[in-house]
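Engineer: If you scroll down you'll find the structure; I have some questions about it.
The values are calculated or read from the model by the stated rules, or taken from the named source; none is laboratory data. Keep in mind the model is a prediction, meaning the values are calculated, not measured. Cβ: placed from backbone, ideal geometry, glycine included. Neighbour counts: every protein chain shown. In case anyone asks, the SASA skips ligands and DNA or RNA and just uses the protein heavy atoms, side chains included. Shrake-Rupley method; radii C 1.70, N 1.55, O 1.52, S 1.80 Å.
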Amino acid sequence: MKTLKDVKVGETAVVTKLTGEGAVKRRIMDMGITKGVEILVRKIAPLGDPMELNVRGYELSLRKADAEKIEVE
C-alpha cells in the first residue's frame, strides 16, 4: 500500500482510495482529491511538511499526516 506521502517530488500518482474518516475524509474530498484523480508532487517544504501538489489544474498544500490517508498507485 503506497500513500501520497511516499511519492517523490516530480512524480505523478493516481488516487486509488481515501482511508480517512468523517470530517477528515470530507475535507480531503472537498479539496478535489477523489478516486481516480492524478496528482503531481511539485515541492516538499524544507522541513518536510507540508507538500505542494498539483491537483485538477490548481496548486494545493497538504500536510503529510493527511497525505498518509490517501492511497495511490
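Engineer: Looking at the structure I just gave you, is Lys69 touching a residue at least 60 places away in the same chain (Cβ under 8 Å) and surrounded by fewer than 16 Cβ atoms within 10 Å (Cβ to Cβ)?
Structural biologist: no
Engineer: Which pairs do you get when a residue that is free of Cβ contacts under 8 Å to residues at least 40 places away in the same chain and within 11 Å of Val72 (Cα to Cα), found in segment 19-42, comes within reach of a residue that is among the β-branched types (Val, Ile, Thr) and open to solvent by 70 Å² or more (accessible area, probe 1.4 Å), reach meaning Cβ atoms under 6 angstrom, with the pair 6+ apart or on two chains?
Structural biologist: Every condition considered, the pairs that remain are Glu38/Thr12.
Engineer: Another one. Given the condition at pLDDT 95 or above, closer than 23 Å to Met1 by Cβ, open to solvent by 80 Å² or more (accessible area, probe 1.4 Å) and of a type in the set (D, E, K, R), answer yes or no: does some residue in segment 36-52 qualify?
Structural biologist: Yes, some residue in segment 36-52 is at pLDDT 95 or above, closer than 23 Å to Met1 by Cβ, open to solvent by 80 Å² or more (accessible area, probe 1.4 Å) and of a type in the set (D, E, K, R).
Engineer: Taking only segment 53-73 into account, find how many residues are under 12 Å from Val7 (Cα atoms) and assigned to a strand (DSSP E or B).
Structural biologist: Total satisfying the criteria: 4.
Engineer: Hey, among Val9, Val24, which residue is open to solvent by less than 80 Å² (accessible area, probe 1.4 Å) and more than 11 Å from the chain's Cα centre (by Cα)?
Structural biologist: Exactly one residue qualifies, and that residue is Val24.
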